[in-house]
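One structure is given here, and the rest of the page talks about it.
The values are calculated or read from the model by the stated rules, or taken from the named source; none is laboratory data. From a predicted model like this one, the values you see are computed outputs, not experimental measurements. No Cβ is skipped: glycine too gets one built from the backbone with ideal geometry, and neighbour counts run over all protein chains shown. The accessibility values were calculated without ligands, DNA or RNA, using every heavy atom of the protein model including side chains. Shrake-Rupley method; radii C 1.70, N 1.55, O 1.52, S 1.80 Å.
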Amino acid sequence: MLGRTGTFRGHCRFELQQCRPLSSPPPPPLPELSRLHYPASSGSRKYRTGWEAGPMSSAQINSILKANEYSHNLPRGPASHGVLGFHSNMLPSNLPGEDRRSSATCLPGCGGVQFGVFDGHAGAACAHAVSQRLFYYIAVAMLPLQTLAELERAVQEDRAVPPLLEWHKHPQDHSCPDGGAISFHSLRNYWQERLEDGDEEDEDSGRVTSALVNAFCRLDYDLSVEAQVHLSMSSPRRLSLRGEAFSVSSPLRVALSGCTACVAHVSKGVLHVANLGDSRAVLGVQEPDSSWSALSLTNDHNAQNPDELQRILGEHPLSEQRTVVRHDRLLGLLLPFRAFGDVRFKWSAEMLSRVYETRPDILSAVSEAVRVLPPYYLTPPYLSAQPEVTRHRIRPADKFLVLATDGLWELMHRQTVVQLVGQQVTGLQQQRPFIPAAGVTLSSLQRLLLERRGRALSVLEDQNAATHLLRHALGDDGYGAVAPNRLARMLSLPVELARRYRDDITITVIHLNEPDL
């Protein structure tokens, strides 16, 4: 309808559809864990287990690590907006996994390339919906009014609507696409309101920042409205429009679950990062001496951020100072202070009570924590979907950007992440064909080849930088190398144990400039 998808098999048509949201029961209590200690570089999570894993071959390890890896190179020229390509991978610990990822090129208007990682909680429904819909909202927020008017005329005249996005996805990423008629209706309302307002910001007046903030907030608003509309229906039914069936209970499931989001938008050599929650974006910078440094482009929106803590406390009466944040969680329940969905922290108490009383069919499909009114729920909303946006003009020394959900950052420090990616991409450069310059002596050529061989030996079998990070995050031996036994042990944990030792991990590494050799 509004997008097309590119995979490693080529391009195909992608139509928005509604799918059944995913949910999973909480894992059973764990036995006392001992024996294995897995130190995280950040010191934030420790692993002890008595689980005895069977032997895993190198092929089995690679099969698990590489099952969801994806890479894509963008064509050189203005259409790439300064992005060479990207590597991405996902490793779930929940079943089903609650993380999602997206990447796409904006086709009409000013264009740009977008990347996002989305960390779901209380089920995967919200992360799935946001990963499929947010980029359309960003495109609509940025498009010139003339382009939006052309879209509206095409819909009114029942003509084909030109695609807004070209998706770059692993086939499994869109095996259950979300959206359908209700999503298109909400998106169309958004561009109609933009046309009615008639306001169009200039290029140099924070247009991209404003568009990102508006797109995030509008999508969250629409998720809430869609859920309220279908809440009024007394029982789940199925509707069909344009041949697309979708469950009217799905919007409520989406709104009751939640997700954080970290989105990068690159256009004409300028990078904007919009962050909501505790996923992170870290820039890999190659210094003049060829060393690597990490530049954080996001702040965590949780109790560990003093500014964020003061913001949330300042939005509620002094009488709630001890209850708004308890045990470093919002109302004692939620770790991130900003997220999509999670209407149990946004709707009125009366509206939530109506959900609990009239829709047991929905509540039975979500986690137990969502089924009751939060304690000390006095002055909602408590949760915000307004992102924090950072603008950065890409410099020659900025070689790559790492977007990742908190599952990675719980295991590795940002400097370690940048160091590993920097060494990996530099090592891959060394594997390219070497053509000596004219006049090089035999002894000089031998020395150059030996140096080249030494650098290449540091590169593991991973051509994908995101997979390289996953391997080190789970198998690091504490000295910068990977211990195969430790890696096998972490990958072979049964489902009921895995979530206790690591979170879902989703990583996208965006290559901006060739590394200096």
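Looking only at segment 463-515, filter to residues that are more than 25 Å from D173 (Cα to Cα) and in contact with a strand residue (DSSP E or B) (Cβ under 6 Å, 6 or more places away or on another chain); which one of those is most open to solvent (accessible area, probe 1.4 Å)?
By that ranking, first place goes to N513.
Given (1) surrounded by 24 or more Cβ atoms within 10 Å (Cβ to Cβ); (2) more than 23 Å from the chain's Cα centre (by Cα); (3) basic (K, R), identify the lone condition not met by R159.
Unmet for R159, out of (1) surrounded by 24 or more Cβ atoms within 10 Å (Cβ to Cβ); (2) more than 23 Å from the chain's Cα centre (by Cα); (3) basic (K, R): (1).
How many residues are of a type in the set (G, A, S), farther than 20 Å from A465 by Cβ and assigned to a loop (DSSP other than H, G, I, E, B) if we restrict to segment 54-89?
Result for segment 54-89: 3.
Six or more apart or on different chains, Cβ atoms under 6 Å: show the pairs whose first residue is in segment 102-129 and of a type in the set (S, T, N, Q) and whose second is in a strand (DSSP E or B).
Filtered contacts from segment 102-129: S102/G116; S103/F115; S103/H168; T105/V113; T105/E166; Q114/A104; Q114/H265.
Inside segment 120-168, can you point out the residues that are assigned to a loop (DSSP other than H, G, I, E, B) and in contact with a Pro (Cβ under 9 Å, 6 or more places away or on another chain)?
G123, A124, L143, P144, P162, P163, L164 - these are the residues of segment 120-168 that are assigned to a loop (DSSP other than H, G, I, E, B) and in contact with a Pro (Cβ under 9 Å, 6 or more places away or on another chain).
Within segment 278-294, can you find the residues that are part of a strand (DSSP E or B) and among the small types (G, A, S)?
Those that are part of a strand (DSSP E or B) and among the small types (G, A, S): A281, G284, S293, A294.
Among the residues of segment 197-204, is there at least one that is assigned to a helix (DSSP H, G or I) and modelled with pLDDT under 95?
yes
Among the candidates P374, P380, P387, which residue alone is at pLDDT below 95 and surrounded by 18 or more Cβ atoms within 10 Å (Cβ to Cβ)?
None of the other options fit; the residue is P374.
Filtering segment 117-146 down to residues that are buried (at least 17 other Cβ atoms within 10 Å of the Cβ), over 19 Å from S186 (Cβ atoms) and not charged (D, E, K, R), which residue is modelled with the highest pLDDT?
V117
Out of (1) touching a residue at least 12 places away in the same chain (Cβ under 8 Å); (2) within 19 Å of L373 (Cβ to Cβ); (3) surrounded by fewer than 16 Cβ atoms within 10 Å (Cβ to Cβ), the odd one out for S296 is which?
Looking at each condition in turn, S296 falls short on (2).
Scan L252, L271 and give me the residue that is modelled with pLDDT of 95 or more and either surrounded by fewer than 19 Cβ atoms within 10 Å (Cβ to Cβ) or not β-branched (V, I, T) (or both).
Checking each option against the conditions leaves just L271.
Step by step: first the residues of segment 90-104, then only those that are hydroxyl-bearing (S, T, Y) and outside any loop (DSSP other than H, G, I, E, B), then the one that is surrounded by the fewest Cβ atoms within 10 Å (Cβ to Cβ). Which residue is that?
Here the residue is S102.
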